[in-house]
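First the structure, in the form of structure tokens, and then the observations on it.
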Amino acid sequence: MYKDWSRRAFSPNQRIIADFIQKNEQRVVYMTEQEVADELSVSIASVSRFWKAAGFKHVKDFKSRLRFRFESTPSVKMRDAMQRTGDNSLPQTLLDICAHHLEETQRYLTDEVLQRAVNALTAARHIYIYSPGPCAGLAELMCYRLARFGLSLKRMAPSGHELLETLMHAGKRDTVLIFGFVQLLPETEVILDYAREAGFQVILITDRLVYPRSQDADIVLYAGRGEVWEFHSMVGPTYIIENLILGVGLANRDSSLRKLDKLQHLRAQYGSKLPRN
């Protein structure tokens, strides 16, 4: 819904309105244009002109789409995916969707931003990963592959006070990688707040081009997953993760290859005595 707002030629007042909307979605859906104007100290004309500048017909069109987002339950997302398939080939439909997400993700993944993320990971004493909900599998892949290079990785609790048990150890020589999909979670806010005090670097992987508090992260990597109401694919985030894994391997090429050779040596020596999981 807000995917292209960062690319639109908003006026200063329109950027203020856009920022307010994204931070106050639950309130905005019930506010009048006059109430928005009064709260932001802008003219009602500025608010009225904003909707077309943002890609909507009028305020009713915007609110209708916003309400639809709020009603996007897992069953709604699955129903949308089924309807998009229709009578078409499921593998081909899914391939087209995945290709779109990959193309969108690649469009925003520059060599400079990727290298900054790789540098933050390779230089870190410890890498802490916050991966709530369906992101757990991405964190598992990342830990499994990067641990082979000798990096120290620690998974953080997905919610509640238990998060603090790990966060308390993060310091200036560490990097915290956050998966921030769809909405800003309280745990993400706590990590970003504490980063200022503790001094660790933050890498944010998000599926929103305009993500709340993204300015508080040191490095932001965008991964296309579709609109909020769509069935969310993990192909874009996986593409980001695999770029990071290969980037870290290339950053310390000789050391990485020596460790992988050692792993192969151990497999040849003891593999017959151990079951393959």
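Taking all protein chains together, 100, 161 sort by accessible area into 161, 100, largest first [probe 1.4 Å].
Rounded to whole numbers, the Karplus 3J(HN,Hα) couplings from phi for segment 129-142 are 10, 9, 9, x, x, x, 6, 4, x, 5, 5, 4, 4, 5 Hz, using 6.51 cos²θ - 1.76 cosθ + 1.60 with θ = phi - 60°, and x at Gly and Pro.
With every protein chain kept in the model, how would you rank 222, 239, 30 by accessible area, 1.4 Å probe, largest at the top?
Reading off the accessible areas and sorting them downward yields 30, 239, 222.
Rounded to two decimals, the Cα radius of gyration of the chain over 2.2 N^0.38 Å is 1.16.
Only helices enter this figure: runs of n ≥ 4 DSSP H residues, each worth -39500 (n - 2.57), summed and divided by the residues of the chain, yield -17500 deg cm²/dmol at 222 nm to the nearest 500. With respect to the chain, whose longest principal axis is taken over its alpha-carbon atoms, helix 12-23 is tilted by about 60°. Please build a GNM for the chain, connecting alpha carbons under 10 Å apart, and tell me which residue among 217, 136, 147 fluctuates the most. Answer for the Gaussian network model of the chain: 147. Residues whose amide H falls under 5 Å from that of residue 221, counting only those 5 or more places apart or on a different chain, are 204, 205, 206, with hydrogens built in the peptide plane.
Highest mean first, what order results for 270-276, 257-263 on Cβ atoms within 10 Å?
Descending mean neighbour count gives 257-263, 270-276.
Taking amide hydrogens as placed 1.01 Å from N in the peptide plane, the amide H of residue 125 sits under 5 Å from those of 174, 175, each at least 5 positions away in sequence or on another chain. Taking each of 23/52; 154/273; 172/262 in turn, the alpha-carbon distance tops 27 angstrom for 154/273; 172/262. Working from Cα pairs under 8 Å separated by at least six residues, relative contact order for segment 129-277 is 20 percent.
Tell me the trypsin sites (Lys or Arg not before Pro) within segment 181-242 that lie in a loop according to DSSP and have at most 11 other beta-carbon atoms within 10 Å.
none
The slack between residue 26 and residue 89, meaning 0.36 nm per residue of separation minus the straight C-alpha distance, is 18.9 nm. Mind telling me which of 134, 91, 186 comes out most flexible in a GNM of the chain, alpha-carbon contacts under 10 Å? Highest fluctuation of the listed residues: 91.
The values are calculated or read from the model by the stated rules, or taken from the named source; none is laboratory data. All values derive from a computational prediction rather than experimental measurement. Note: ideal-geometry Cβ built from the backbone for every residue, glycine included; neighbour counts use all protein chains shown. The accessibility values were calculated without ligands, DNA or RNA, using every heavy atom of the protein model including side chains. Shrake-Rupley method; radii C 1.70, N 1.55, O 1.52, S 1.80 Å.
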